[in-house]
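To start, the structure itself, in structure tokens.
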Amino acid sequence: MQNKLKYILIAVAALIVAAALPAEAKKKGGEARIRFTESSYDFGVIDEKGGPVSHEFEFVNEGDGNLIIKDVRTQCGCTRPEYPVKPIAPGKKGKIKVTFLPQGRPGSLNKAATVYTNGKPAKLQLRIKGRVAPKM
């Protein structure tokens, strides 16, 4: 009976240690935390024949680990993202540029760019808005 109790206590202790290891490893490597100064931008009225328009969304890594922008996906080919491929160190800033191509898209504009990171949050959206004035 004492041997069973000893084995049970050893198993419980092993589970506690195993559960604590990933948390400890995370602390040593640090955790990235992305914060944007704005998450939405309104272009107002855009001239369809005026060509592409762009906006840069600035962010800072407020965490204590390197921030990696894994990917930025947009809803359609009319919206193109540009983002840093190198890690952003803690306390440093970066920018994600979103370009919209208005030709052939008159009317309301409301597009999202979904940002995927290794930090917190792991996924977030940036949004561009406006209205495209048709060619005359």
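Every number in this text was worked out from the coordinates using simple rules, so none of it is lab data. As the structure is a prediction and not an experimental result, all values here were calculated from the model. Counting neighbours? That spans all protein chains shown, and the Cβs are built from the backbone with ideal geometry, glycine included.
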Based on the Cβ-Cβ distance from Q75 to V45, what FRET efficiency comes out when R0 is 30 Å, to the nearest 0.05?
0.90
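So if we plug the beta-carbon distance of T37 and N118 into 1/(1 + (r/R0)^6) with R0 = 30 Å, what FRET efficiency do we get, rounded to 0.05?
Here the calculated transfer efficiency is 0.90.
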Distance between modelled label sites at S108 and K93, nm, 7 Å Cα→Cβ extension
3.4 nm
